[in-house]
Protein chains: 4
Amino acid sequence: MIRVGIMGGSGYTGLELLRILTEHPEVEIRWVSSESYQGKTIEQYCPAWRGRKNRVFCSTAQAIQNGGVDLVFLALPHGSSMQFASQFLTQGVRVIDLGADFRLKNVSLYQKYYEIEHQALTWLTEAAYGIPEIYREEIRKARLVANPGCYPTSVLIPLYPLIREKVLEPTLVVDSKSGVTGAGKKPTENSHFGEVDENFKAYKVGNHRHLPEIKEQLKNLYQEEVSLIFTPHLLPLKRGILSTIYLNLKQELAEEELIAIWKKYYQNERWVRIYPLGSLPETKWVVGSNFCDLGLVKVDSKKVVIVSCIDNLTKGASGQAVQNMNLMFGLGEETALPSQVLYP
Amino acid sequence: MIRVGIMGGSGYTGLELLRILTEHPEVEIRWVSSESYQGKTIEQYCPAWRGRKNRVFCSTAQAIQNGGVDLVFLALPHGSSMQFASQFLTQGVRVIDLGADFRLKNVSLYQKYYEIEHQALTWLTEAAYGIPEIYREEIRKARLVANPGCYPTSVLIPLYPLIREKVLEPTLVVDSKSGVTGAGKKPTENSHFGEVDENFKAYKVGNHRHLPEIKEQLKNLYQEEVSLIFTPHLLPLKRGILSTIYLNLKQELAEEELIAIWKKYYQNERWVRIYPLGSLPETKWVVGSNFCDLGLVKVDSKKVVIVSCIDNLTKGASGQAVQNMNLMFGLGEETALPSQVLYP
Amino acid sequence: MIRVGIMGGSGYTGLELLRILTEHPEVEIRWVSSESYQGKTIEQYCPAWRGRKNRVFCSTAQAIQNGGVDLVFLALPHGSSMQFASQFLTQGVRVIDLGADFRLKNVSLYQKYYEIEHQALTWLTEAAYGIPEIYREEIRKARLVANPGCYPTSVLIPLYPLIREKVLEPTLVVDSKSGVTGAGKKPTENSHFGEVDENFKAYKVGNHRHLPEIKEQLKNLYQEEVSLIFTPHLLPLKRGILSTIYLNLKQELAEEELIAIWKKYYQNERWVRIYPLGSLPETKWVVGSNFCDLGLVKVDSKKVVIVSCIDNLTKGASGQAVQNMNLMFGLGEETALPSQVLYP
Amino acid sequence: MIRVGIMGGSGYTGLELLRILTEHPEVEIRWVSSESYQGKTIEQYCPAWRGRKNRVFCSTAQAIQNGGVDLVFLALPHGSSMQFASQFLTQGVRVIDLGADFRLKNVSLYQKYYEIEHQALTWLTEAAYGIPEIYREEIRKARLVANPGCYPTSVLIPLYPLIREKVLEPTLVVDSKSGVTGAGKKPTENSHFGEVDENFKAYKVGNHRHLPEIKEQLKNLYQEEVSLIFTPHLLPLKRGILSTIYLNLKQELAEEELIAIWKKYYQNERWVRIYPLGSLPETKWVVGSNFCDLGLVKVDSKKVVIVSCIDNLTKGASGQAVQNMNLMFGLGEETALPSQVLYP
């Protein structure tokens, strides 16, 4: 049994971790912390949990004191993970950070976009970027995994095989749309029902925090600088990201050839589903599951439109985190991850 | 021209007042205050207003200093209206309070439900309860109008004629459902998209603040104590209240007779629409307008179900406030009020 | 292994059956029929199923010819189940009908409300009404189970213990609200997005088909005629029913005593969750699961408001059907039923 | 007074025409036809109209027989407008066609995309393309106006000034998102609540019918072939289109310079609103109004992202149609058009 602790269990990603880990046959959850709800049971806080395994939130201090775990999931605001990660790692506890603190190798970009000084630089260097479909080997051996942002996951999985096969120009446009739970559980104007319902908007065009993350990853894959435009939008729904990605091919390739490249890399990936020609993913086909769905259409001899879909809380956050854990501890990578979609 | 001021112009009811009053041919808006957005223009705050009449929010202090108005609308949190109302009234300025401070004549109930001491008791006695269809004469002469709660409006308009004609037992069940804008513009857990979207709940069963308001009004109309159960619910939509009201008839009456009673009172009421037998109101048929729509079905020889619909921000708040203003200043009662419904 | 067939697998209840049965360790699905989609695979029809167990829809004729099953689930329009049920039952195959054909023992009411002649009267007499929490023994032995309507399930589970303990007057008001999936997968004006979104309405007041069903069941439980008003409403959301039930107590009882009655009957029921005083169910706490959540508030010395919630497709249809199957075949009643709620 | 007839008055664009024209001081609506609802009053069909000007739908045959109009609006399915347009035009009645029959000058493209033979080629040649901000002079003199598609309107208005000033490369990506009312009032799987709610999808990528329309218009403006990728998506909301447009500048220009170009063309356009730098349009700021809102962000030295918003039923259909009418009949172009936004 893997003994795990969860820091920040009362947010949306924390609750999603609990949803998944509770069903995990090889995991024992030792403690779940929540500064805001310490002392409360999970079912008091979230009645969805009535009649299921109950548990009391502990404080951060208790979490650290408790220790006794092999792995800690950090589901904390950016800036908070750094210190706790260092603390646990130093004690030999492995860490999966669902926040942003270890995603960007380029510290100055981190500091620019997150407006905070990085205080765990050694660990940053060591951190594996947690997309198993791309960095499986690194993750397997990692002590610290930086769980990727939801948008980057939806962008990098479809692009990785095509970049590796060198069929893409390094010039691309990514038009992404996310459900509101991506903004977390804390009430703000951006998540206020009266402002979000029946509305659609672009936001942070040209300066979203996931832009440097996607760019750094693409640069790694392309092995050259990339011209990327990334526009996130907010959908009036709870779960789901759909990214529409506009690409230029280096040489003309048929749709079938592009699909074949995806299949070459992802044929045996449990959590990537490639759509047959003529059909495209929709968010409703992934909601609640760990799938990343991919489809494409050629719209010109050398222009391709890719559509990818994930559930931002599952493959975009907590599902992928558990997938990383499975990998780190030598378990079947699909263990306990939801393949069931709640449809309709 | 009626010179008006609006205190609390940046909330949802304040903005709805602006939407209506801006089209009013007999109104000059002299100032609009907002503590949070003073110094900002309305279009900066709410881009829906670009290209329309612009205006700068002033502070509360400036509002009072500005004066120079015949009427002030108070769109403030409960507890705040009392003092400002007194101040303006003393200067001879008439007041329509969209908050709760002057709705309950029974001070001890006010203090119990709003947990605050009442500090304008003289004015409280004088305040007219602002449903024109019921208290037209009082409102016409009033210096101070207490604009009713949204739920009470949806309940009292359908009941008034039936109570006056003494056909109802004083025992009733009111099951009301409201859109989320009723909770205002301030982000809270109760208006957080992730909590409200795709959800439905009852809340404050047996102790909602509109319960004593409805009860006091019913007692006035019945001239006896009333047994009322009132259950508010929260709908995952923005605008609209639907109340389902369960009534017992004193003697058997046909549906046609009940409709006839409504018509006797409301035939010439511009803002009450009586549905023909076999059809019932839906919220979408009133959204954006000042209408209160009424329909009924008999379900047993002496049992009737009434369905009423209003837009909680219009007839349930700002529309009714302007209707009261029209009445107080001798204008056509329908002036400037929206009869247009945004459908679909 | 129980060998099952599903007739009508492409509708919303059919797909929900598949969602649940696919995870069932004791079930082998032999065939799934769909007149409209025969020859198609489930994943072609519903991409949520990609990468999971695939299967081809067969025609009705093939379904019957295939046979080879111990149990058939009928997820068909009312009127269609009668003949197929008879056919299978005669061959010794047990049947759970998710439609309405065997719910009403009173044939004349069936014929009045469903406007169709009943053609399987012998089987009608034998059919067990499929709420395990109430009719466990009958279901265990049944060859034919009439799976209840979604609204009746949400009403009868909370009332059963209170009626059995004779604390209720036989006069009640039920104000129910359902999500749109209750209307099925076939596009109609009542399920058209432009008509349903941002709207709320009551419908079929006094003549909904679930009215005689609830009434017949209540009469059985009360052992006397019941005065019931039942008003269904349509919520702008996909899954979930919330029923607000207004009751009169025969004698004064404390909230704690009422809760104690529920606990006496449901303490060990896996799928009934009783909320502690001061809290009430919301649809979001049950969506995706087989739970029926119950809460209550006393609003007067002898008046009680009950709030119950179910997922209309799970406990209100396919989940309960599988629960009935488990019972009929001597399996653990909770086997394979979803306890997980997709929140947020 | 302009005497107008409306053919196809019961669809969403027909009802939106009625909403606007009923308030028009210079218009007398002589008849409104609806094949499906002939003989019914508008308020029977759509209770939003109770208590407002009522009117009976006539049949198509009666509409033609009635005649007696100066202008006919055709709000019919594509393919139906051709014949009626010819008929009315021959009688000297001017026509605004809200359908697609006269939008594409290239007949073979029409026939390819709409799969129907064009039967009014002479009139096609004469038809003006009805975006007043671009083709004001042509529309003023036109007997026949082809009212543009909703997507093309949202794309061409922002691009026109920039193309005219020759600052854009002829290579662009348009990622558009539309509310569900764009699909009309007829229930289909694509507008079924259970399929659309909480879902987001791209559709008809590379072969949407508005693609050749946008392309033909862009070619006219650029005076050269254009490389256009156009991806429409379906939003889970009722009204609103947001287009995100990705452009390449021929030479480096500052954001201020681009805004200045817009202002040069649109300074005095009542229905175009240019957002100040740092802010972008959202659909909620235009819903219910005839505005087309524009904003932009530079994301690289020569790369620009434009965001435009319209209400698909107003500026995207019926509002623009009335704007065209105003122009054709020498009225103030803003007459009767809604500038009010229903917010929240």
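A residue that is outside any strand (DSSP E or B), surrounded by fewer than 23 Cβ atoms within 10 Å (Cβ to Cβ), of a type in the set (Gly, Ala, Ser) and away from chain B (no Cβ under 12 Å) cannot be found anywhere in region D:313-322.
In the set (1) surrounded by fewer than 22 Cβ atoms within 10 Å (Cβ to Cβ); (2) within 15 Å of residue D:49 (Cβ to Cβ), residue B:286 fails one condition alone, (1).
Rundown of residues vs (1) touching a residue at least 60 places away in the same chain (Cβ under 8 Å); (2) within 15 Å of residue C:243 (Cα to Cα); (3) in the same structural domain as residue C:99 (by TED's automatic domain parsing), yes/no style:
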residue	(1), (2), (3)
C:284	yes, yes, no
C:300	no, no, no
C:303	no, no, no
C:320	yes, no, yes
C:333	yes, no, no
C:337	yes, no, no
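Applying the set (1) touching a Phe, Trp or Tyr at 6+ places or on another chain (Cβ under 9 Å); (2) part of a helix (DSSP H, G or I); (3) not basic (Lys, Arg) to residue D:262 leaves exactly one unmet item: (1). When the residues of region B:110-119 are narrowed to those that are more than 19 Å from residue B:145 (Cα to Cα) and out of contact with any His (no Cβ under 8 Å at 6 or more places or on another chain), which ends up surrounded by the most Cβ atoms within 10 Å (Cβ to Cβ)? By that ranking, first place goes to B:113.
A residue that is under 17 Å from residue A:77 (Cβ atoms), modelled with pLDDT under 95, in the same structural domain as residue A:323 (by TED's automatic domain parsing) and not aliphatic (A, V, I, L, M) can be found somewhere in region A:29-37. Entry remark, region D:257-279: residues being out of contact with any strand residue (DSSP E or B) (no Cβ under 6 Å at 6 or more places or on another chain), among the hydrophobic types (A, V, I, L, M, F, W, C) and free of Cβ contacts under 8 Å to residues at least 40 places away in the same chain number 3 in total.
When residue D:344 is tested against (1) within 17 Å of the chain's Cα centre (by Cα); (2) within 14 Å of chain B (Cβ to nearest Cβ); (3) touching a residue at least 60 places away in the same chain (Cβ under 8 Å), exactly one condition is not met: (1). Quick check: is even one residue across region D:249-256 part of a helix (DSSP H, G or I) and surrounded by fewer than 23 Cβ atoms within 10 Å (Cβ to Cβ)? The answer is yes, given that some residue of region D:249-256 is part of a helix (DSSP H, G or I) and surrounded by fewer than 23 Cβ atoms within 10 Å (Cβ to Cβ). Counting only residues that are assigned to a helix (DSSP H, G or I) and away from every other protein chain (no Cβ under 12 Å), region B:22-58 holds 0 of them.
Just one of (1) touching a Gly at 6+ places or on another chain (Cβ under 7 Å); (2) within 21 Å of residue C:322 (Cα to Cα) fails for residue C:116. It is (2).
Report every pair of residues separated by at least 6 positions or lying on different chains whose Cβ atoms are under 6 Å apart, first residue within region C:147-165 and in contact (Cβ under 8 Å) with a residue 12 or more places away in the chain, second hydroxyl-bearing (Ser, Thr, Tyr) and part of a helix (DSSP H, G or I). Here the result reads C:161/C:265; C:163/C:222, each pair linking region C:147-165 to a residue that is hydroxyl-bearing (Ser, Thr, Tyr) and part of a helix (DSSP H, G or I). Scanning region A:153-181 for residues that are in contact with a helix residue (DSSP H, G or I) (Cβ under 6 Å, 6 or more places away or on another chain), within 14 Å of chain D (Cβ to nearest Cβ) and either farther than 30 Å from residue D:285 by Cβ or not hydrophobic (A, V, I, L, M, F, W, C) (or both) turns up A:170, A:176, A:181. Going by the structure shown, is residue A:295 at the interface with another protein chain (Cβ under 10 Å from one of its Cβ atoms) and either over 30 Å from residue D:294 (Cα atoms) or aromatic (Phe, Trp, Tyr) (or both)? Yes; evaluated as a whole, the condition is true for this residue. Residues being touching a residue at least 60 places away in the same chain (Cβ under 8 Å), in a strand (DSSP E or B) and touching a helix residue (DSSP H, G or I) at 6+ places or on another chain (Cβ under 7 Å) are represented in region A:93-105 by at least one member. Residues that are of a type in the set (Gly, Ala, Ser) and surrounded by fewer than 19 Cβ atoms within 10 Å (Cβ to Cβ) were ranked within region A:198-234; the one that is nearest to the other protein chains (Cβ to nearest Cβ) is A:206. Residue check: residue B:136 meets all listed conditions (1) closer than 26 Å to residue B:311 by Cα; (2) surrounded by fewer than 19 Cβ atoms within 10 Å (Cβ to Cβ); (3) touching a helix residue (DSSP H, G or I) at 6+ places or on another chain (Cβ under 6 Å); (4) not β-branched (Val, Ile, Thr) but one, namely (3). Scanning region D:260-278 for residues that are within 14 Å of chain A (Cβ to nearest Cβ) and within 30 Å of residue B:341 (Cβ to Cβ) yields a single hit, D:275.
With respect to being of a type outside the set (Val, Ile, Thr), touching an Asp or Glu at 6+ places or on another chain (Cβ under 8 Å) and within 30 Å of residue D:72 (Cα to Cα), residue D:146 fits the description.
Counting only residues that are assigned to a loop (DSSP other than H, G, I, E, B) and facing chain C (nearest Cβ under 7 Å), which one in region B:235-248 is surrounded by the most Cβ atoms within 10 Å (Cβ to Cβ)? My answer is B:240.
The values are calculated or read from the model by the stated rules, or taken from the named source; none is laboratory data. Fair warning: this is a prediction, and the values are worked out from it, not measured in the lab. Cβ coordinates were reconstructed from backbone atoms using ideal geometry, including for glycine residues, and neighbour counts include every protein chain displayed.
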